[in-house]
Each structure stands twice: as structure tokens, then as C-alpha cells.
Amino acid sequence: MNKIHSIVFLLIFVTILSSCEEEPIGTRINFNSNWKFFYGDDSLASNPDYDDSGWRMLNLPHDWSIEGEFSKEHPSDPRGGALPTGIAWYRKTFGLINSEKNKRFFIDFDGIYRNSEVWINGHYLGKRANGYISFRYELTPYLRFEKEHNIIAVRVDNSLQPNSRWYTGSGIYRNVRLVSTFRLHIGQWGVYITAPEIKEQHTKVEIEIRLNGMVTDLETIKIVTSIFDQNNIKAAKVSSHIKDNRTLHSGISQELSVLNPKLWSPDNPHLYIVKTEIFIDGNKADESIIPFGIRYFHFNADSGFYLNGKPLKIHGVNLHHDLGALGAAVNARAMERQLELMKGMGCNAIRTAHNPPAPEFLDLCDRMGFLVIDEAFDVWQKKKVKYDYSIDWEENHKNDLRDMILRDRNHPSVIAWSIGNEIREQFDSTGFVITRELVAIVKSLDTTRPVICALTETDPAKNFIVQSGALDLLGFNYKHEDWAKFRENFPGQKMIPTENMSAFASRGHYDMPSDSVRYWPEKPGEPIVGANNDYTVSAYDMVCAYWGSTHEETLKEFHKYAFIPGIFVWSGMDYIGEPEPYGWPAKNSYYGVVDLAGFPKDVYYLYQSIWTEKPTLHVFPHWNWETGNNIDVWAYYSQADEVELFLNNTSLGTRKKENGNMHVMWRVQYQPGTLMTISRQDGNIVLEKTIRTAGEPARIEMTADRSTIHADGCDLSFITVKITDKEGNLVPNADNLVHFKASGCGFLAGVDNGYQASHESFKGSSRKAFNGMCLAIIQSNGTAGKITITASSEELLPASVLLNAK
């Protein structure tokens, strides 16, 4: 059973609230287990009598593409991850008892990539083309009870390629639930919560409730909404009565007052619980439980962003939806780990590039304290690749946008709705019309947040999306050199840079000299000057795309302007697909501040030094070079005014950041031994760091991020594997092949090393180290007990880690 780790608090909370009450008739059952899967197409597979005995049994969420082998010949091409796509089927058998015949049943899919078609007992329910949208079908008219089984069949068609500029995954890759309700129930996403008036002493909370179903004139309908704080203390309660079906279907509005509200913010993400209950003649028929945060914010054209009345700089990153070695298959712990890494560098905001995220992702952002730009589309009518969403636009975009807003509008983390990314209609008059249409859809469902679009054209005379006048907030990608003229070109407008940098790096690789910027390539279509034969890119902040910049260059510009409310870096993590600057044989991106395995690159500590209050001292590169070579030593530091470098106890001088620079550098003639740095503030030591020349690889070192995981069949432990010398120093160029074995109550869910050009399977049982490191991901098998993971390699001392699944 897939208990979502991100809402354990909520599940416990619900249990406490319900412990003394009658159980509601409605239920939401996790429907992820025991599906059958077939890779291929068979037009008869929707028939309930079809023989699927030879199909593979698996649990959802599932991404079949991540299980395949990398190849340049796959239709998805390297931009799409160079992994197989195609067509596949899923089937699930389930039973219902006679006592449930008076209920209504629905199936909720959080996302299927893509072109999904669904049947229940041979009856066709519908098609959903968009792979990122959550949707529901009613099953009630076609269900069987008692001894007759029910068969749900899903066909997924991801064969038209290419259809994306990044890796999408394939299959039922998000969670599925079976929902049962009474004949009168709260509709899907049928509770809308706002706080239109927030004061220090009290907050007015408004609830809009949409019910589905009918009642008789003799029945009494009562709706009770209660608000609880995180300590399970009731903060407010209100009751309403419905006298007829007309009132029921027009929607119900309620108003509550919360005294002395605790406000939600990235530093203190306080959540309330809003519980809405429906009673018919005193018997509970349905309930809804929604986490909710009280906060208010606005953007100011002159002075930036304000949250709860206080100025706040938005320090954001863009994230694609894949989870590295796990592919697109949703896992709450894997998403939580990504967000923990982002939090550690000082990030407080995420842009969901370039699609609606999994619901659990927003749950995590609410709980962990991230601001979110929730993005709907990467394309409108005008395509970017041959078979992208443009072919489905006309028929689907209205419903897809509505469903995103309805699903996500109660999340306190969401501060803006993005209707598109680098949309090509910005260059012609269709952009004027479509922008107004999309904004009107958003505003009909939520007026509490601004609508934004990420644009590239900074000349207002040429940008028809801007000319529509419909956007509340302008987003611009790259072109930081145009920020100086923004207020002149767009008087009175509010703007945030939605995508920036596009700097490249491979963790642990260093090219010298490092004090000049390299654009790879200099211009579109030109060969890369200075390309590496192993398809690596220097981890010094010195290489970027021709349309972007180094991290430091854009950050310097950002710090000049008070009117710019924040910035979003491209990107927070490396992701599968879009392997610029090389293309094949590389298969994943180089843009991330953190690599695909979740190991921070050096530039991570640049952000930590300027975006957090944590004292930082990060010195690189490693100290294994050819004697006599000139080596550039960089340091990122904070909470200090200078750094001194020592080589084998001899001082090489003190450096201070000057002229807005965010790092210091020494050019050192290499000698093996010990490199030590000391940061000082007013002469007092703040931090010390030491790097030693490593010897030959001698042993394996394993470190689990969590030694205890939930025995729920879903939870994960990420194990960092390092190749060290006999003294325990990381061997920076080690590429030993490491073999993994998991036993007990867990299994090996994935392996990685962060190397962009590796073609090793993410689902293998071994992995080469890349620059001394690799990763093993261990997943619970649903049973409580011990899990042992061993790692071995020829001529190295092995290692093991013991985990507990509870």
C-alpha cells in the first residue's frame, strides 16, 4: 500500500479527528497495487474476458521508459532522454460487495503519460491526452458486485515522438485512487478556501463548497466546517443547512473567523486543517480534509515582493518532474529529498517547469515552505517539436487549465499561475487573443493569485502576449542585460526573471584556466571550442549556453535592482533529456546546481554562501594533479571577510571578495600534500577546510541519508557511495564498478552516478563510480524488518549498511 510520506502528519491528524465519530460513507482507497502490465498493443485488451495471465504484475506508480536501454535510435531522441516510449496496457482486477451497491464509485488518476484511454468492464470511459493533468472517471453504472470481478483497463500511447523537449517518462506514473461516495457528496476539488481578510487579531476564512447528487424534500442536509491548528486545537467552526436541491447545486458559501492566526511562510510553514462534513438527517455522508495556510502577499513594481507585509527576495529554481534513476514514477520521499537539497542551498521557491506537478509535490512545498509558480503549458497552438501538446491544444487546453487551477488553488505554496513558457504566440497577434482567453479561465476560478507567462521577447512592440494587457506579472527568461531598461520599456509593470543562467557543469571535473567564460557553443550550430572527449564540462562556474550566462554573472546583475522581486535559476537539478551542450552520447542535462544523482556541484555552495545565513566555506578542486601544473583554487565563503590558503602549511596569501565577485581564487603550482583554507571575520577563525592528496582506491564507504524508513512499500533510503583510499580520502578520479546487493525487507530501486554520458541502466545492480561517487536507492518492499545493503568492487574492501523498515 502506497502511504504518501509527505502527508503522514495529515493522516495521523485525520485519525485523531475521526476517532470518536462515525466513519464517513465515502472512502478514498489507494489503488496502486497489483496491476498487470503489457508493453505492446492489443486491441482486445480492453475486453474483460481477455487473458492477461502472461502479463507482468507490478505496483504503481510506474514508468516503463526508465527501465529501458539508452539508444540514439529511440524515437524520443536524446532530448527526450534516448529511452524507449511506445504503447502499453495496464489492467487491474478488483471486487466489490453487495452492501456497496448504493454508493457511487470513481477512479482518480493523478497523471498518465500520455494519451490514456480507460475502460471498465469493457465500457469505454474516455481519453485524456495531456500527460500531466489529474482526472476522474465515474465507474458506477458499469460495476459488478459479489462474485463477479471488475476489470479496469488502461491503454497508454506515447508512440508519437518526439513530443517533448525533455524526458517525460511513459505510463501510469502518478498515483491512482478508487473513490466511493454516498449519492450526495463533495465534488472533486469541490472545496475552495480563501482568506480575504487577514489581520493580526483575526482572519476571515471563506469556504465555497460544491456538492454533487440529489436530496429529497424530506431530508435535512447539514454542512459543518471546522478549522484545526497543527496541535489539533479547533480554531473555528461553522454550520449551514440546505433546504432544497436548488441551493445545493448553486454552491454553498461559509465564513469563519480564526483568532490570532499563525501565518504561513517559507521560514514557518504553519498549516491549518479545514475539515468539511456533510450530514443527511444527522448521518455523515461525506467529508473533505484539506491542509490550508494563511498568508497574504503582493508584488510591487518598484520594490519587489512582500509576504505577510514584509519584503522577501524570491530565491528560486526551476525543476523538471523526473526523479533521476527512478524516472518519472512519483515517489514522495524522492521529491522530498530534492526539495531538502534545494532548501540547503537557500532556495525558497520552485517553478514547475513546464507542467502541473504531482499533487504530492505541492503538499511537500506547503509543508516544507516553498513558494511555487505553478505552470500549465510549454506550448500553445504553435509547436516546438513535431508531436507536442500543440496537436491536442484545441480540444483540451480549456479543460486542462481548469483542472489544474481547481486541483491546486488551496495550496498556500502557490503564489502565481503560469499559463506558458517561451510561447511562440508572443510573436504574432494570436498571442493577444489566447492570452486573454487563458487569463479569463484562471480568473473565473481564482482571483487571489497573479497570472504570469514566461517570455523571451523583451521589446514590448514585438510581444503580443504583453500587449494583451491581461497578465498581472511578466516573466522573462534570460537576457539579464535588458533588466536595466525594463522600467523604461514596461512602465508600471511588475516582472520576475523566470529562467536564468543555463550554465553547464559536470560534478568533480575541472578545466583550466578558470578565469574566462566559455560559451558552448559560441553561436547556434557552431562546434564547441574546447570540448572534452569524455563529454564533461568544467565544474568551475565558467561555461554556459550562448543564450545564458554563468551563475555569478546573472546574480551580480540581480543584486543591482530592488524592483526585481526574485530570480529562478535554470535549473535546480540535472534532469533526464536535453543534454546540451553535447547532445548524444550524453543523455541528461548539465544545467543543474545538483547532479542527477543528487550530489551537489561546487556552485551549490555559491548559492549557500549568498542565500543562507549559514557560515559557508567551500574550496575546490580536489588535490590530485600532475606536479608542477598550475591549478586554480576557488573558494565560496560567507560570514567572513577573508580566506587564507595554505599548501603544506605554507601560506599562499589571503583573499577577499572585491568588485561584487562572489568567489576568490588562487593560482597554485601543484605539489602533492595538504591544501588548507581558513575563513576569518575580524581576525577570528570562522571555518577551516582541508583537502588532501588521495592515494590509490582501497575501500568503499557507504552513507545512508536515513537509517529508518517506513515499511509501506514506497519509502526510500538514498545511499551515497564513495571510493576512498586507505586513509578515507575520496579518490577524485575513481571509476570503479560497484556491485550492489539488497536483502531483507527492501530492494534496490535504482542506481546512478550523475555522469551525463553514462549509458548504464538506472535499474541495474551495479554502477561505475563517477569522480569517486555513485548512488544506490533502496525501497521498502512493504514488510517491516531489517534491510541489508552491501557494495563490493574488485580489489576494494567492501562495505554494508543496515536499515530498519518500520
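The values are calculated or read from the model by the stated rules, or taken from the named source; none is laboratory data. Everything quoted here is computed from the prediction, not taken from an experiment. All Cβ positions, even for glycine, are placed from backbone atoms using ideal geometry, and neighbour counts span all protein chains on display. Just the protein is used for accessible areas: all its heavy atoms, side chains included, with ligands, DNA and RNA removed. Shrake-Rupley method; radii C 1.70, N 1.55, O 1.52, S 1.80 Å.
Results for (1) without any contact (Cβ under 8 Å) to a residue 24 or more places away in the chain; (2) crowded, with 16+ Cβ neighbours inside 10 Å; (3) touching a helix residue (DSSP H, G or I) at 6+ places or on another chain (Cβ under 9 Å), shown as yes or no for each residue.
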site	(1), (2), (3)
LEU160	no, no, yes
THR168	no, yes, yes
ARG174	no, yes, yes
ILE207	no, yes, no
MET214	no, no, yes
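Evaluation of ASP363 against the conditions (1) over 23 Å from PHE135 (Cα atoms); (2) touching a Ser or Thr at 6+ places or on another chain (Cβ under 8 Å); (3) open to solvent by 20 Å² or more (accessible area, probe 1.4 Å) shows that the sole unmet condition is (1). Look at the stretch 512-533: where a residue is of a type in the set (Ser, Thr, Tyr) and a partner is assigned to a loop (DSSP other than H, G, I, E, B) and open to solvent by 70 Å² or more (accessible area, probe 1.4 Å), sitting 6+ places away or on another chain with Cβ atoms under 8 Å, you get TYR519/TYR546.
Within the stretch 553-562, is even one residue free of Cβ contacts under 8 Å to residues at least 60 places away in the same chain and open to solvent by less than 70 Å² (accessible area, probe 1.4 Å)? No, the stretch 553-562 contains no residue that is free of Cβ contacts under 8 Å to residues at least 60 places away in the same chain and open to solvent by less than 70 Å² (accessible area, probe 1.4 Å). A single member of VAL385, VAL433 is surrounded by fewer than 22 Cβ atoms within 10 Å (Cβ to Cβ) and in a loop (DSSP other than H, G, I, E, B), and it is VAL385. The set of residues in the stretch 154-185 that are closer than 15 Å to TYR113 by Cα and not in a loop (DSSP other than H, G, I, E, B) comprises VAL154, ARG155, VAL156, ASP157, ASN158, GLY171, VAL176.
Against the conditions (1) acidic (Asp, Glu); (2) in a strand (DSSP E or B); (3) open to solvent by less than 40 Å² (accessible area, probe 1.4 Å), ASP712 satisfies every one except (2). Taken over the stretch 621-654, the criterion of being in a strand (DSSP E or B) and either within 23 Å of THR554 (Cβ to Cβ) or modelled with pLDDT under 95 (or both) is satisfied by ASP632, TRP634, ALA635, TYR636, TYR637.
Residues in the stretch 472-503 that are of a type in the set (S, T, N, Q), under 21 Å from LEU371 (Cβ atoms) and assigned to a loop (DSSP other than H, G, I, E, B): 1 in all. Of everything listed in (1) of a type in the set (A, V, I, L, M, F, W, C); (2) open to solvent by 10 Å² or more (accessible area, probe 1.4 Å); (3) over 26 Å from GLY344 (Cα atoms), the single unmet condition for ILE631 is (2).
Restricting the first member to the stretch 266-288 and to residues that are surrounded by fewer than 19 Cβ atoms within 10 Å (Cβ to Cβ), and the second to residues that are of a type in the set (Phe, Trp, Tyr), the beta-carbon pairs closer than 8 Å and six or more apart or on different chains are HIS270/TRP264.
Return the only residue of GLU197, GLU146 being assigned to a strand (DSSP E or B) and among the acidic types (Asp, Glu). Every option except GLU197 fails the conditions.
Exactly one residue out of SER506, SER549 is under 27 Å from GLY598 (Cβ atoms), open to solvent by less than 70 Å² (accessible area, probe 1.4 Å), in contact with a strand residue (DSSP E or B) (Cβ under 7 Å, 6 or more places away or on another chain) and part of a loop (DSSP other than H, G, I, E, B), and it is SER549. Is it the case that the stretch 605-622 has a residue that's buried (at least 16 other Cβ atoms within 10 Å of the Cβ) and either free of Cβ contacts under 8 Å to residues at least 12 places away in the same chain or farther than 25 Å from CYS347 by Cα (or both)? Within the stretch 605-622, one or more residues are buried (at least 16 other Cβ atoms within 10 Å of the Cβ) and either free of Cβ contacts under 8 Å to residues at least 12 places away in the same chain or farther than 25 Å from CYS347 by Cα (or both).
Condition check ((1) of a type in the set (A, V, I, L, M); (2) touching a strand residue (DSSP E or B) at 6+ places or on another chain (Cβ under 7 Å); (3) modelled with pLDDT under 95) across all residues:
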| site | (1), (2), (3) |
| --- | --- |
| LEU263 | yes, yes, no |
| PRO269 | no, no, no |
| VAL274 | yes, yes, no |
| ILE289 | yes, yes, no |
| TYR306 | no, yes, no |
| LYS310 | no, no, no |
| ASN331 | no, yes, no |
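Any chance the stretch 500-522 includes a residue that's at pLDDT 95 or above, acidic (Asp, Glu) and within 24 Å of ALA562 (Cα to Cα)? No, every residue in the stretch 500-522 fails to be at pLDDT 95 or above, acidic (Asp, Glu) and within 24 Å of ALA562 (Cα to Cα). Of all the listed residues (SER793, SER766), the sole one being crowded, with 16+ Cβ neighbours inside 10 Å, without any contact (Cβ under 8 Å) to a residue 60 or more places away in the chain and farther than 23 Å from ALA539 by Cα is SER766. Consider ASN121 carefully, then state whether it is open to solvent by less than 40 Å² (accessible area, probe 1.4 Å) and polar (S, T, N, Q). Answer is yes for this residue. For the stretch 634-657, taking the residues that are free of Cβ contacts under 8 Å to residues at least 24 places away in the same chain and polar (S, T, N, Q), the one that is surrounded by the most Cβ atoms within 10 Å (Cβ to Cβ) is identified as THR654. Note on the stretch 514-529: among residues that are open to solvent by less than 50 Å² (accessible area, probe 1.4 Å) and in contact with a strand residue (DSSP E or B) (Cβ under 6 Å, 6 or more places away or on another chain), the one that is farthest from GLY592 (Cα to Cα) is SER514.
Counting the residues of the stretch 769-803 that are under 27 Å from the mean Cα position of the chain (by Cα) and assigned to a strand (DSSP E or B) gives 10.
TYR90 passes every criterion in (1) aromatic (Phe, Trp, Tyr); (2) under 13 Å from ILE172 (Cβ atoms); (3) open to solvent by 20 Å² or more (accessible area, probe 1.4 Å) apart from (3).
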